[in-house]
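Here, each number is a calculation from the coordinates, and none is a lab measurement. Treat the numbers as computed from the prediction; the structure is a model and nothing was measured. Here the Cβ positions follow ideal geometry from the backbone for every residue, glycine too, while neighbour counts run over all protein chains shown.
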Amino acid sequence: MHQINRGAGRKLLLVHGLGGSWRSWSPILDSLSVSRTVIAIDLPGHGATPAQHDSGTFDGLVGSVQRYIVENGLSGIDIVGSSMGARMALELARRGAVGNVVALDPGGFWRGWERTFFKTTIGVSGRLLRAIRPGLPMLSRNAASRTALLAQFSARPWALEPQLVATELIGFSTTLTFDALVDNLATGPEQTGPAADSTGRIVIGWGKYDRLCLPRQAARAKAAFPSAQLHWFESSGHFPMWDMPEETVDVILRATQ
């Protein structure tokens, strides 16, 4: 599994979301690495990590990360996840495989029509980005284009760094397991239970302007993990590390002290 390592101090594992890579964390990597040894991975089928036979399913990806943790002597490591990666971090917490957990806007807590909403909107986004892939670097340099393409993911897409936007959108368009994961995440099993006793602190962060994992779903995530603290990012969309990087770093460092 491809990874990057930065900084020194207590180890911290970062798990990106669907279609992303370790570069999804670029806005906060330097700040976190001042006081933590940051390990940011590319999930199988994403970035520079080849897909495995089961990388088109949520359970397959969780299994891959759990094996990676064990094989690298990282049992009990603190973990931060975003979107699908946040849902994975919570599942690893439930299994007692990790230490302190920060889950940023986790997917998978939808009900009823929200499943169709997720599958339809993210599916359309994926198909659109594949169709316009050659033009994504140029479109990412224009504030109006960034706003149109990322309105579902960011509260302030026009303010994002063009290189970050280009990298993310190209990742969405080139992830071969994207459609399979969308189908699996939309129809997969519900949260299966509370965190194991050995898991440390859990903080669930949610952007109040999240248009993909709707804020109403935060209460369900909290109910599934009663010991978790719920933190609202008042001016953020689906990716707090993009829209409110300083507050995101503060939340992560406090949760993993």
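If the elastic network links every pair of Cα atoms under 10 Å, which of V124, V62, V203 fluctuates the most in the Gaussian network model of the chain?
Comparing V124, V62, V203 in the GNM, the peak value goes to V124.
Please report the antiparallel percentage of DSSP beta bridges with both residues in the chain, rounded to the nearest 5. Write down the numbers at each step before the final one.
On the way: 4 of 26 bridges.
Roughly 15 percent of the beta bridges in the chain run antiparallel, per DSSP.
Through the Karplus equation 6.51 cos²θ - 1.76 cosθ + 1.60, θ set to phi - 60°, convert the phi angles of segment 74-82 into ³J(HN,Hα) values in whole Hz; use x for Gly and Pro.
Taking θ as phi minus 60°, the curve returns 10, 4, x, 5, 5, 9, 10, x, 10 Hz for segment 74-82.
Mind sorting F239, F225 by how few other Cβ atoms lie within 10 Å of their own Cβ, fewest first?
F225, F239
Round to the nearest 0.05 the FRET efficiency obtained for V70 and V124 when R0 = 45 Å and r is the Cβ-Cβ distance.
0.75
Just to confirm my numbers, what's the Cα centroid distance between segment 90-159 and segment 195-254 in Å?
15 Å
Treating the beta-carbon of each Lys and Arg as +1 and of each Asp and Glu as -1, no other charges, what is the dipole magnitude of the chain about its Cα centre, to the nearest 20 debye? List each step's numbers first, then the result.
On the way: 25 positive and 21 negative charges, 48 e Å.
Computed charge dipole of the chain: roughly 240 debye.
Springs between alpha-carbon atoms under 10 Å, Gaussian network over the chain: tell me which of P226, P27, P162 tops the mean-square fluctuations.
Greatest mean-square fluctuation among the candidates belongs to P226.
Among S26, A93, G9, whose Cα projects farthest towards the positive end of the dipole of the chain, with charges put on the beta-carbon of Lys, Arg (+1) and Asp, Glu (-1)?
Projecting each Cα onto the dipole axis, the largest value belongs to S26.
List the lysines whose Cα sits under 22 Å from the Cα of K119, skipping any in the same chain fewer than 8 residues away.
Excluding near neighbours in sequence, the set is K208.
Quick one: D210, D250, fewest Cβ neighbours within 10 Å first, how do they rank?
Exposure proxy ranking, most exposed first: D250, D210.
Taking the Cβ of A8 as the center, what net charge do the other residues with Cβ under 15 Å away carry, scoring Lys and Arg +1 and Asp and Glu -1?
Computed value for this residue: +2.
Between F233 and residues 5 or more places away or on another chain, which pairs have amide H atoms under 5 Å apart, with H built 1.01 Å from N, and which residues are they?
Result for F233 returns W206, G207, K208.
Of T121, T57, how do they rank once you tally other Cβ atoms within 10 Å and put the fewest first?
Fewest-to-most Cβ neighbours within 10 Å comes out as T121, T57.
Between Q66, Q163, Q229, find the one with the highest GNM mean-square fluctuation for the chain; connect C-alpha pairs within less than 10 Å.
Comparing Q66, Q163, Q229 in a Gaussian network model of the chain, the most mobile one is Q163.
Report, to one decimal in Å, the Kirkwood hydrodynamic radius for the chain based on all distinct Cα pairs. Display every interim value, and only then the final one.
Details: mean 1/r = 0.0559 Å⁻¹.
It works out to 17.9 Å.
Show that you can apply the helix-only estimate: for the chain, add -39,500 (n - 2.57) for every DSSP H stretch of four or more residues, divide by all residues, and state [θ] at 222 nm to the nearest 500.
-12500 deg cm²/dmol
Could you name the aspartates and glutamates in cross-link range of K222, using Cα to Cα under 15 Å and dropping any fewer than eight places away on the same chain?
Of all the aspartates and glutamates, those that pass the test against K222 - Cα under 15 Å, at least 8 places apart if same chain - are E91, D105, E190.
Out of residues 5 or more away from V102 or on other chains, whose amide H comes under 5 Å of its own, with H placed 1.01 Å from N in the peptide plane?
I79, V80, G81, V203
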